[in-house]
Amino acid sequence: MPKKLEHIGIAVKNLEASEALFTKLLGIEPYKREEVSSEGVMTSFFLLGDIKFELLAATNQDSPIAKFIEKRGEGIHHLAFESENLENELSERKSQNVELIHQKPKDGADNKRIAFLHPKSTGGVLWELCQEKLTD
Ligand code: ZN
C-alpha cells in the first residue's frame, strides 16, 4: 500500500509560462528542472509543505504529455504515491486485478524509480507509484 501522496503531476503546454503561474499562485519558486527523455518530457518541481507539484511539458509530438494535452487539455495528469517497495507493490496490484502500464519500474525524474497504473483501474486518474532510488 502507498505510504503517502508524493506529488501531483500537471500537464502544461508551456513550461516557462506555467512556472511563472505556479510561482504566482504558490508563492514559491521551482526547485529544479529535469528532462526525462524516455518519456519526452521536461519537468519542473515545486515543493509546498511536503507535497510536490511536477509540471510536465512535452519535448516532442510523440510525448504522452503532447497526446494528453491534445485530448484533454492542460490539467492534472497523474497522482504519484510513494511506495516502500515498488516490485512488491506492483505484484500486489496485479493480484488485485489492477492494470499495470509498466510491468517493471523504470527511471523517472527527481531520483525516483516509477511505474504507472492504468486509469481505468484507478478511478479515471492515472496513478504513478514511485520509490526513491537507493544510493549505495
Ligand atoms: Zn510524476
Identify, from the list Ala80, Ala57, the residue that is away from the ligand (no atom under 11 Å from the Cβ), touching a residue at least 40 places away in the same chain (Cβ under 8 Å), buried (at least 18 other Cβ atoms within 10 Å of the Cβ) and outside any loop (DSSP other than H, G, I, E, B). Ala57
Count of residues meeting criterion [among the charged types (D, E, K, R) and assigned to a helix (DSSP H, G or I)] in the range 103-131: 1
Within the range 61-77, which residues are more than 22 Å from Lys112 (Cβ to Cβ) and open to solvent by 40 Å² or more (accessible area, probe 1.4 Å)? Gln61, Asp62, Lys67, Glu70, Lys71, Arg72, Glu74
Result of the Cβ filter at 6 Å on the range 4-30, keeping first residues that are open to solvent by 60 Å² or more (accessible area, probe 1.4 Å) and partners that are assigned to a strand (DSSP E or B), at least 6 apart or interchain, is Lys4/Glu82
Subset of the range 115-136 [closer than 18 Å to Lys4 by Cα and of a type in the set (A, V, I, L, M)]: Ala115, Leu117, Val125, Leu126, Leu129
Identify the residue in the range 42-54 that is open to solvent by 10 Å² or more (accessible area, probe 1.4 Å) and under 11 Å from the mean Cα position of the chain (by Cα) and, among all such residues, is nearest to Lys3 (Cα to Cα). Lys52
Test each condition in (1) surrounded by 13 or more Cβ atoms within 10 Å (Cβ to Cβ); (2) farther than 23 Å from Ile51 by Cβ for Asn88 and report the one that comes out false. (1)
Determine the pairs where a residue that is open to solvent by 50 Å² or more (accessible area, probe 1.4 Å), located within the range 103-131, has a partner that is charged (D, E, K, R) with Cβ atoms under 6 Å apart, the partner being 6 or more residues away or on another chain. Asn111/Lys133; Arg113/Lys133; His118/Glu99
Please work out which residue is nearest to Cys130 (Cα to Cα), limiting yourself to the range 31-41 and to residues that are open to solvent by less than 70 Å² (accessible area, probe 1.4 Å) and either touching a helix residue (DSSP H, G or I) at 6+ places or on another chain (Cβ under 9 Å) or in a loop (DSSP other than H, G, I, E, B) (or both). Glu39
Condition (residue is part of a loop (DSSP other than H, G, I, E, B) and among the hydroxyl-bearing types (Ser, Thr, Tyr)) applied to the range 83-102: is it met by at least one residue? yes
Residue check: is Lys94 within 14 Å of the ligand (Cβ to nearest atom), open to solvent by 60 Å² or more (accessible area, probe 1.4 Å) and over 14 Å from the mean Cα position of the chain (by Cα)? no
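The values are calculated or read from the model by the stated rules, or taken from the named source; none is laboratory data. Fair warning: this is a prediction, and the values are worked out from it, not measured in the lab. Heads up, the Cβs are rebuilt from the backbone with ideal geometry, glycines too, and the neighbour counts pull from every protein chain shown. The accessibility values were calculated without ligands, DNA or RNA, using every heavy atom of the protein model including side chains. Shrake-Rupley method; radii C 1.70, N 1.55, O 1.52, S 1.80 Å.
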